[in-house]
1. Kindly indicate which of 74, 122, 89 is of a type in the set (Gly, Ala, Ser) and within 16 Å of ligand 2 (Cβ to nearest atom).
2. Looking at region 134-158, which of the residues that are in a strand (DSSP E or B) and within 16 Å of ligand 1 (Cβ to nearest atom) is surrounded by the fewest Cβ atoms within 10 Å (Cβ to Cβ)?
3. Kindly indicate whether any position in region 278-290 is among the basic types (Lys, Arg) and surrounded by 21 or more Cβ atoms within 10 Å (Cβ to Cβ).
4. Identify all residues within region 100-113 that are within 11 Å of ligand 1 (Cβ to nearest atom) and either more than 15 Å from the chain's Cα centre (by Cα) or part of a loop (DSSP other than H, G, I, E, B) (or both); write none if there are none.
5. Scan region 25-48 residue by residue and report those that are over 25 Å from the mean Cα position of the chain (by Cα) and in contact (Cβ under 8 Å) with a residue 12 or more places away in the chain.
6. Spot the failing condition for residue 51; the list is (1) under 30 Å from residue 135 (Cα atoms); (2) free of Cβ contacts under 8 Å to residues at least 12 places away in the same chain, and only one is missed.
7. Quick one: would you say residue 296 is part of a loop (DSSP other than H, G, I, E, B), closer than 23 Å to residue 249 by Cβ, of a type in the set (D, E, K, R) and modelled with pLDDT of 95 or more?
8. When region 118-149 is examined, which residues are found to be under 18 Å from residue 269 (Cβ atoms) and touching a residue at least 60 places away in the same chain (Cβ under 8 Å)?
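The values are calculated or read from the model by the stated rules, or taken from the named source; none is laboratory data. Every value quoted in this text rests on a predicted model; they were computed, and no experiment measured them. Heads up, the Cβs are rebuilt from the backbone with ideal geometry, glycines too, and the neighbour counts pull from every protein chain shown.
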Amino acid sequence: MKNWNVAVMGATGAVGSRFLSILEERNFPIKSIKLLASKRSKGKSIKFKKRSCEVEELTHDSFKGVELVLSSAGAERSLEYLPSAVKAGCICIDNSSAFRMDENVPLVVPEVNPHAVKRHRGIIANPNCSTIQLVVALWPLHKKAKIKRVVVSTYQSVSGAGGKNISELKEQVSYLQKAKDADLIGKHTVGKSCIKEFPHQIAFNLIPHIDKFLDNAYTKEEMKMVNETRKIMEDDSIGITATAIRVPVYYAHSESVNIETEDKLSRDEAKGILSRAPGVTLIDDPQNFRYPMPLDAEGTDGVFVGRVREDESIPNGLNLWIVSDNLRKGAALNAIQIAELL
Ligand code: NAP
Ligand code: 12T
């Protein structure tokens, strides 16, 4: 097997740290590793395979001798630096939204469209976290019964928005815990100084706003799910509508999903298909209180599906509940699985 010279762009971030731990866990064949981040992190030491590695500042010259770039330093950095990496002969797997809808860039989830990897011209895009877990569960149902329409609402953890946002929830919770007043009614709000990254307080709240608002009143995050799902499933006829909600959970995104299919699938048939589907773990035993939850998905590799029900309001409909660790299958793990395909 070939051993790769690898660079991790954004190695100090929430996704970057998962890149490093998952490369190690899966024993990915590595010849050398280069850790890249901003000037702020230059010289910082990070452990990889029990050795200390020094973080280097990302520049256009960072890619000499590198063959594989795992990139998670934000879309602006991807747009600026990945063309230099491609020029230097690298294959780049990009976690940002920069190239996902570019028709020359494959958008890949290995369980769904592994064949798309072949047509890359140096960059392969990793889909949005909410899209990845959605398509892993929908694909086997689509193959069997053809999905006509999808209605999805997300419950997205704070880690999806980066390391700073994890700290923001922690700080708000600790602020409220320290507040002397035991009577919480009307007093469970934090001061303005505790709200930095999110548009509103996230502790003990829900925020129906992820990424920027667009002219059609949807957010970019919602439209990513619509457009990316169609590209990955290679079917523009699927109708999809999404609502993305931030919830005060640290890790793992959840999704409530309603689908309408061309052919009828009973609850038992759907459960059978999902129980055999690659990447999916079915947890659907409501009598014994067994269903997927973000606390159980945290730190694991699965896309967990449960609460499978026939939608009794239409002839061919199903409801599903899908949970997965957004930093692992939703980001770093999916990207490394793409690298393994290569
Ligand atoms: P994060 O925790 O905020 O980390 C950001 C990383 O980017 C850090 O390593 C940071 O380095 C680096 N960076 C920032 N500005 C830089 C610059 N000017 N030059 C070089 N490096 C720079 O964010 P994250 O959650 O890991 O997310 C990173 C990216 O992955 C984003 O594009 C995000 O959209 C994407 N993402 C994708 C998914 C997905 O589903 N595919 C999921 C989550 C995130 P410093 O520490 O030096 O600042
Ligand atoms: N704004 O990869 O805020 O396009 O949770 C992922 C997560 C963008 C992305 C978030 C975001 C992406 C978020």
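1. Values: 122 fails: within 16 Å of ligand 2 (Cβ to nearest atom); 89 fails: within 16 Å of ligand 2 (Cβ to nearest atom).
Only one candidate qualifies: 74.
2. In the first step, residues of region 134-158 are kept if they are in a strand (DSSP E or B); the result is 147-156.
Still in the running and within 16 Å of ligand 1 (Cβ to nearest atom): 152, 154-156.
Numbers: 152: 24, 154: 26, 155: 19, 156: 24.
Restricting to residues being in a strand (DSSP E or B) and within 16 Å of ligand 1 (Cβ to nearest atom), the top hit is 155.
3. The first filter runs over region 278-290 and keeps only residues among the basic types (Lys, Arg), leaving 290.
If we keep only those that are surrounded by 21 or more Cβ atoms within 10 Å (Cβ to Cβ) too, we end up with none.
No, there is no match, as no residue in region 278-290 is among the basic types (Lys, Arg) and surrounded by 21 or more Cβ atoms within 10 Å (Cβ to Cβ).
4. If we filter region 100-113 for residues that are within 11 Å of ligand 1 (Cβ to nearest atom), which is where we start, we get 100, 107, 109.
100, 109 - these are the residues of region 100-113 that are within 11 Å of ligand 1 (Cβ to nearest atom) and either more than 15 Å from the chain's Cα centre (by Cα) or part of a loop (DSSP other than H, G, I, E, B) (or both).
5. To start, the set of residues in region 25-48 that are over 25 Å from the mean Cα position of the chain (by Cα) comprises 31-32, 39-40, 42-45.
Passing the criteria: 31, 32, 39, 42, 43, 44.
6. (1)
7. Numbers: part of a loop (DSSP other than H, G, I, E, B): no; closer than 23 Å to residue 249 by Cβ: yes; of a type in the set (D, E, K, R): yes; modelled with pLDDT of 95 or more: yes.
Judged against the criteria, residue 296 is not a match.
8. Passing the criteria: 137, 138, 139, 140, 141, 142, 144, 145, 146, 147, 148.
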